[in-house]
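The values are calculated or read from the model by the stated rules, or taken from the named source; none is laboratory data. Given the structure is predicted, the values throughout are model-derived calculations rather than measurements. Using ideal geometry, Cβ is built from the backbone for each residue, glycine included, and neighbour counts are taken over all protein chains shown. Just the protein is used for accessible areas: all its heavy atoms, side chains included, with ligands, DNA and RNA removed. Shrake-Rupley method; radii C 1.70, N 1.55, O 1.52, S 1.80 Å.
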Amino acid sequence: MIDAARNTSIVFLIDDDVKVRTSLSRALITRGFKVKTFETAFDFLDAYDPSQPGCLVLDYGLPQMDGLKLQQVLAERQINIPIIFISGHGGVPESVQAMKAGAVDFLEKPFRQGALVDCINAAILADGAKRAEDNQRISALQRFARLTLREKEVANFMIANPSSTASKEIGRELNISPRTVDHHRARILEKMEIGSVAELIDLSIPEADRMG
């Protein structure tokens, strides 16, 4: 699974030390990773396409915009690329702050290349899982948008009340006949491309998106 993820993922390496960039990128390429290097956070922000799978190996002590600030900027832009911090200067407070903000790990220089590789593998798998989850959610929302207002009303009731999905209960709550509920239920399953109400509930479409 990790080999397949490596084929589509890129390790973005940001470090202002050219020797570090060169040595780490060579080592990672030798281990089968695709690598792109940057000297500054600004260079990375200018070039990065959020649709590209991968992870970010980020030097904490960058000039102008340090690693923690870049992590904050990415969060503000709702860019969820997994981040592995590397640092020769950061201490416990910095590592704690980075981890609380969602970093995969915080490695202090000098570190074992094997430790970095393990972190990268974990980050790539996490990124793939998050992207698959996002794609599933987007697909579910697109299918949900096909429903009529009444079908959405029935679907919302079933999602919000998983223990009360009988046609009589839904009909009583929405003041429509059970037969009408059956019709709407069939259309909902057809448009959502699913086989049961249980699958509809499992889609877990957030209420704010369902109502939007």
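Among the residues of region 154-179, which ones are β-branched (Val, Ile, Thr) and either open to solvent by less than 20 Å² (accessible area, probe 1.4 Å) or over 39 Å from the mean Cα position of the chain (by Cα) (or both)? Reasoning before the result, please.
Filtering region 154-179 for residues β-branched (Val, Ile, Thr) gives 154, 159, 165, 170, 176.
If the condition is that a residue be β-branched (Val, Ile, Thr) and either open to solvent by less than 20 Å² (accessible area, probe 1.4 Å) or over 39 Å from the mean Cα position of the chain (by Cα) (or both), then Val154, Ile170, Ile176 are the ones that fit.
Select, from Gln136, Gln97, Gln113, the only residue that is open to solvent by 50 Å² or more (accessible area, probe 1.4 Å) and either over 29 Å from Leu28 (Cα atoms) or without any contact (Cβ under 8 Å) to a residue 12 or more places away in the chain (or both).
Values: Gln97 fails: either over 29 Å from Leu28 (Cα atoms) or without any contact (Cβ under 8 Å) to a residue 12 or more places away in the chain (or both); Gln113 fails: either over 29 Å from Leu28 (Cα atoms) or without any contact (Cβ under 8 Å) to a residue 12 or more places away in the chain (or both).
Of Gln136, Gln97, Gln113, the one residue that is open to solvent by 50 Å² or more (accessible area, probe 1.4 Å) and either over 29 Å from Leu28 (Cα atoms) or without any contact (Cβ under 8 Å) to a residue 12 or more places away in the chain (or both) is Gln136.
Test Val20 against the stated conditions and say whether it is more than 20 Å from the chain's Cα centre (by Cα), at pLDDT below 95 and not hydroxyl-bearing (Ser, Thr, Tyr).
Working: more than 20 Å from the chain's Cα centre (by Cα): yes; at pLDDT below 95: yes; not hydroxyl-bearing (Ser, Thr, Tyr): yes.
Yes.
For Glu39, work out the one condition from (1) at pLDDT below 95; (2) open to solvent by 20 Å² or more (accessible area, probe 1.4 Å) it doesn't fulfil.
Every condition holds for Glu39 apart from (1).
Which of the residues that make up region 139-148 are closer than 16 Å to Ile205 by Cβ and either open to solvent by 30 Å² or more (accessible area, probe 1.4 Å) or assigned to a helix (DSSP H, G or I) (or both)?
Keep residues of region 139-148 that are closer than 16 Å to Ile205 by Cβ, which gives 139-147.
Of everything in region 139-148, those that are closer than 16 Å to Ile205 by Cβ and either open to solvent by 30 Å² or more (accessible area, probe 1.4 Å) or assigned to a helix (DSSP H, G or I) (or both) turn out to be Ser139, Ala140, Leu141, Gln142, Arg143, Phe144, Ala145, Arg146.
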